[in-house]
Amino acid sequence: RRAFLAPHTLWLGVVAIAGAAAAFLLHQLMAWAPHEDETLALFVGRDSLTGVVEHVTRERGGAPLHFLFAYAVAHLGLGLGSLRLVSAAFAIGSLPLVALLGRRLVDRRAALLATALVAASWVFLFHGVYARMYSLFLFLSLLAFLLLLRALDRQRGFLQAGLRRGVRQNRLGD
């Protein structure tokens, strides 16, 4: 049992934290009054796809991907609860990314602590409930940073292999 738990402690903890955050977000999903930004996104989302893009890029500004989710929700005949569910999903999906980043930058213990701190923060919970773009931003920012670190690791490996090859060729040339 201990042999199984030791390497999986981080992810078991992340699942527990994400489960608690999901329970809170789902419980509060429709408890708070609609915010004007949420209703705006839904009203804009009812337009044609071209109209949504036009509105976001030329008239109002905002987060185009968020408005595309609003478009999908509106055209599926769904409403505010579903758009809030999109925000909750991105918020909860961010928690494993926080853990991955914490493990990558520090260690497993720091990763678990960072995940718990993020999940318990009012900013996370507030934006996880309201159908606004901030949970999507958190998710995509974390994902982009993790992918950047991965690309840098691969580039470093590529550069190191090139340097080794160059050194070998110089030795053989001597």
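Listed values, structure above:
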quantity	calculated
Cα centroid of the range 5-81 to Cα centroid of the range 84-133, whole Å	15
Local electrostatic count, F158, Cβ distance below 12 Å [Lys/Arg +1, Asp/Glu -1]	+3
Relative packing of 144-150, 25-31, which averages over residues the other C-beta atoms within 10 Å, highest first	25-31, 144-150
Model label zone, R60; criterion: amide N under 15 Å from point 7 Å along Cα-to-beta-carbon; scope the range 118-149	131-134
Mean ellipticity per residue at 222 nm, deg cm²/dmol - from DSSP H runs of n ≥ 4 across the chain, formula -39500 (n - 2.57)	-27500 deg cm²/dmol
Sequence-distant residues sharing a close amide H with G79 (under 5 Å, placed H)	none
Trypsin sites (Lys or Arg not before Pro) restricted to DSSP loop in the range 1-50 with at most 12 other C-beta within 10 Å	R1
Within-11-Å neighbourhood charge of G102 [Cβ basis; K, R +1; D, E -1]	+3
Protection proxy ranking of 32-41, 130-139 - average other beta-carbon atoms within 10 Å, highest first	130-139, 32-41
Per-peptide average of other Cβ atoms within 10 Å, ordering 84-92, 114-122 highest first	84-92, 114-122
For M133, net neighbour charge (Lys/Arg +1, Asp/Glu -1) across residues whose Cβ lies under 12 Å away	-1
Heavy-atom surface of the chain, accessible at 1.4 Å and reported per residue (Å²)	62
Of (i) 1.00; (ii) 1.39; (iii) 1.96, the label for Cα Rg over 2.2 N^0.38 Å derived from the coordinates	(ii)
Residue-span extension gain [W32 to L68] - 0.36 nm each, minus C-alpha spacing	10.6 nm
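The values are calculated or read from the model by the stated rules, or taken from the named source; none is laboratory data. Given the structure is predicted, the values throughout are model-derived calculations rather than measurements. Quick reminder, even Gly has a Cβ in these numbers, built from the backbone with ideal geometry, and neighbours come from all protein chains shown. The protein model used for the area step is the full one, side chains on, heavy atoms only, and it has no ligands, DNA or RNA in it. Shrake-Rupley method; radii C 1.70, N 1.55, O 1.52, S 1.80 Å.
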